[in-house]
Amino acid sequence: MDWLGDGVNGLLVIVRAVHFAATATTAGTLIFRAVVAEPASRSTPAAITVVRPQILAVAWVSLAIAVVSGVIWILLQAAAMSGLSLKEAMAGDVLSVVVNETQFGVVSEIRLVLAIILAGCLMVERFAPLRWSGLASALGLIAAIAWTGHAGSGLGELGVLQLAADVLHLIAAAAWLGGLVSLALLLTAARRHDALAWASVARDATRRFSTLGIVSVGTFLPTGRVNRGILVVSLRV
């Protein structure tokens with residue numbers, strides 16, 4: 001037997017985790033730049049000049065991992081939906097059906113378009129309007145994951161509530177967890193530059209990220225409870 005076919009469910013769990021982590025890091029990095037790094041560096045332009053390329057590099061690497069893992073996710077999902085091995089699912093029409101005739105496939109196509117738009121914005125990110133467009137694309141990329149899971153199949157007002165909670169849950173997780181990498185880069189750069197201006201930037205950035213973390217956790221926890229509660233109710237029905 002094809003060992004990939006036998007272990008497709010286990011691989012799905014791993015690939016989905018990698019994909020979420022990469023997508024969250026992409027979005028969180030750009031959120032961090034917009035609401036933490038750039039505001040904290042206004043009084044010290046040299047700081048953002050140093051940190052911005054590093055943040056941009058994290059965004060690029062994370063986006064690349066997200067795209068590759070997203071493609072693998074689609075392939076594994078096609079095998080899981082069909083009950084075939086990965087090789088058999090790729091060889092037949094199963095992949096085409098999954099991509100074009102299922103909600104998961106359509107959402108994946110939309111997310112791929114968002115990833116392409118984001119890549120384009122990152123390439124010319126020196127223009128402020130395109131930086132905001134890139135941030136919007138990154139938020140859409142992480143938020144759209146909600147439509148690939150249980151929340152995306154809900155009906156009625158309860159389904160809308162679950163979907164909204166899932167979207168907020170994903171964005172909050174990205175803002176907090178994804179921004180940690182960029183915060184570490186900024187603080188590392190501040191330690192390398194022994195100047196009062198850099199110390200001020202690091203202090204202001206830490207304060208702003210702390211506020212962002214409070215808002216994120218304050219959103220993450222209740223939306224997680226809402227999702228769990230709705231899931232329990234749906235299982236009892």
### Query
When the Cα centres of segment 68-115 and segment 163-214 are compared, how far apart do they sit, in Å?
35
### Message
Placing unit charges on C-beta atoms (Lys and Arg positive, Asp and Glu negative, everything else neutral), compute the dipole magnitude of the chain about its Cα centre in debye, rounded to 20.
### Response
1020
### Query
What angle, in degrees between 0 and 90 and rounded to the nearest 10, separates the Cα long axis of helix 8-32 from the longest principal axis of the Cα atoms of the chain?
30
### Cβ-based charge dipole, segment 3-236, positive-most Cα from Thr223, Ser137, Pro53
Pro53
### Query
Net charge near Ile55, counting Lys/Arg +1 and Asp/Glu -1 over other residues with Cβ under 15 Å of its Cβ?
+3
### Query
What's the angle, to the nearest 10 degrees (0 to 90), between helix 196-236's Cα axis and the longest principal axis of the chain?
20
### Query
Over the chain, what is the relative contact order in whole percent, taking alpha-carbon pairs under 8 Å and six or more residues apart?
27
### Task
Could you go through segment 60-71 in sequence order and give the Karplus-derived ³J(HN,Hα) for each residue, using 6.51 cos²θ - 1.76 cosθ + 1.60 with θ = phi - 60°, rounded to whole Hz, and x for Gly and Pro?
5, 5, 5, 5, 4, 5, 4, 5, 5, 5, x, 5
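Taking the number of other C-beta atoms within 10 Å as the exposure measure, put Trp132, Trp198, Trp60 in order starting with the fewest.
Neighbour counts put them in this order, fewest first: Trp132, Trp60, Trp198.
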### Message
Going by average Cβ density within 10 Å per residue, which order do the peptides 38-47, 177-186 take, highest to lowest?
### Response
177-186, 38-47
### Residues Asp93, Asp204, Asp166, sorted so that the one with the fewest Cβ neighbours within 10 Å comes first
Asp93, Asp204, Asp166
### Query
Given 0.36 nm per residue, what is the gain on full extension from Leu112 to Leu161 after removing their alpha carbon distance, in nm?
15.1 nm
### Query
Okay, helix-only estimate at 222 nm for the chain: each DSSP H run of n ≥ 4 adds -39500 (n - 2.57), divide by all residues, round to 500 deg cm²/dmol; what do you get?
-27500 deg cm²/dmol
## Note on the structure
Mean-square fluctuation maximum in Gaussian network of the chain, Cα pairs under 10 Å, restricted to Leu168, Leu114, Leu158, hits Leu158
### Task
Rank the residues Met90, Met81 as a footprinting-exposure proxy: fewest other Cβ atoms within 10 Å of their Cβ go first.
Met90, Met81
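Read-outs throughout are calculated quantities, based only on the coordinates presented, and are distinct from any laboratory measurement. Everything numeric here is computed off the predicted structure, so don't read it as measured data. In this analysis, Cβ positions are derived from the backbone assuming ideal geometry, glycine residues included, and neighbour counts consider all displayed protein chains.
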